[in-house]
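Below is one structure; the comments refer to it alone.
The values are calculated or read from the model by the stated rules, or taken from the named source; none is laboratory data. Small disclaimer: the values here were computed from a predicted structure and weren't measured. Here the Cβ positions follow ideal geometry from the backbone for every residue, glycine too, while neighbour counts run over all protein chains shown.
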């Protein structure tokens, strides 16, 4: 949400939204790809293959990202792609 500012006459105006960094853009694009391609709930070998291809694509699409940032994207993506935990599993874990 844009932050409100007042000019000299007291009228309100909105500040322009801050531009995302290349890393944030790549992260958002990766999450969109994960949702669109049905990675959540896929077989582990398919997920690993998909991430290998996608991280290669992301490094070509965002050449300004370092190798460390690409690995961080992969880590974030793998966490994002994990299927949601069922309530029975979370209740059992909290009871232990």
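Within region 40-56, residues that are touching a residue at least 40 places away in the same chain (Cβ under 8 Å) have Cβ atoms under 7 Å from residues that are assigned to a loop (DSSP other than H, G, I, E, B) and surrounded by fewer than 16 Cβ atoms within 10 Å (Cβ to Cβ) in these pairs: 40/83; 41/83, counting only partners at least 6 apart in sequence or on another chain. Only residues that are touching a helix residue (DSSP H, G or I) at 6+ places or on another chain (Cβ under 8 Å) and closer than 25 Å to residue 20 by Cα: list them for region 40-66, please. Selection gives 51, 54, 55, 58, 59, 61, 62, 64, 65.
Out of 89, 60, one residue alone is at pLDDT below 95 and assigned to a helix (DSSP H, G or I). It is 89.
Within region 73-85, restricting attention to residues that are under 18 Å from residue 21 (Cα atoms) and touching a residue at least 40 places away in the same chain (Cβ under 8 Å), the residue that is surrounded by the fewest Cβ atoms within 10 Å (Cβ to Cβ) is 76.
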